[in-house]
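Quick note: the coordinates plus some simple rules give every number you see, no bench work behind them. All values derive from a computational prediction rather than experimental measurement. Every residue, glycine as well, gets a Cβ built from its backbone with ideal geometry; the counts of neighbours run over all protein chains shown.
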């Protein structure tokens, strides 16, 4: 009983597809955030100095405007206009960075799961809105894992920050003697290192979280042996349905076979039990082919169709039995029967010559 109740079997392709249709796929929000952070870091490293220069230029220009008329009061409208102008400029400068981060985050999510549009997730589920149900779904082990992930992320960022700040403290005297431009470059280099190392640490944690989510998803979709058997039985169909399909297939084969009797060259018969229809074209075929065969009732139907179609019939008990047992429909006659069949075909030729 334990073997059938435990979920030890890997999910089948059908179960995986159903889960995907429900939106139940491995997805790591941490990895998406890490990818966005890495893209934002890359953009800041390359575009940050230029953006900072533009914003500094506007700030200096604003200070200079105030310095030109230090005693002249500034109206509320002028102040608002200046703030809006600087805000628009800052937004235009920072906007591309935010757009890049958001776009890369979306692409990162699609890269994890592919394009998933689950209509079931759009349906209103009152259980998801219930705080009690939410607490029940949050297992103790899951809460512990989430706490561990947050602890590792904070610890990694704190360690990286402390390492860089500690280096800054040791170089404090050197920085104090630097020219302002050199000190600014030194500060930017420290910020750049902090961004890169922080983004890479988040990426490592994100990859680990994605692998964890994949494992969790697979575990949640595992099946019992009985479920695998039931699914296989359902996909293959019930015995009644399979029997019905086989019956229909046999009927189709029988109809094609009886239709081929009309084009046969000769039908070799045992008076009551067997009938085998052969087709032979001397110009295009190396040997005769069995196009239809039957026993008892089917033999009588073959003979009736041959009679209506004007196909000659030759009674030869041993040959009819040998052909019926030794060849299937569509097969070339056995080599051991070439001589006997050749005599039958020669007999037909002589009959036609006598008629002509």
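A Förster radius of 30 Å combined with the Cβ-Cβ distance from residue 207 to residue 6 puts the calculated FRET efficiency at roughly 0.50.
Figure the gain on full extension for residue 253 and residue 232 (residue separation times 0.36 nm, minus the Cα-Cα span) and round it to one decimal in nm. Could you put the intermediate results ahead of the total?
Numbers: separation 21, 0.36 × 21 = 7.56 nm, distance 2.77 nm.
Difference between extended and current length: 4.8 nm.
Using a simple spin-label model with pseudo-atoms 7 Å out from Cα toward Cβ, residue 352 and residue 106 lie 7.6 nm apart.
Which length gain, in nm to one decimal place, applies between residue 286 and residue 298 when the Cα-Cα distance is subtracted from 0.36 nm times their residue separation?
Numbers: separation 12, 0.36 × 12 = 4.32 nm, distance 2.80 nm.
Length gained between residue 286 and residue 298: 1.5 nm.
The calculated FRET efficiency for the pair residue 164 and residue 13, based on their C-beta separation and a Förster distance of 56 Å, comes to about 0.70. Rounded to the nearest 0.05, the FRET efficiency derived from the C-beta distance between residue 214 and residue 147 at R0 = 25 Å is 0.75.
Projection of the Cα convex hull of segment 314-356, averaged over all directions and equal to a quarter of that hull's surface, yields 3.4 nm².
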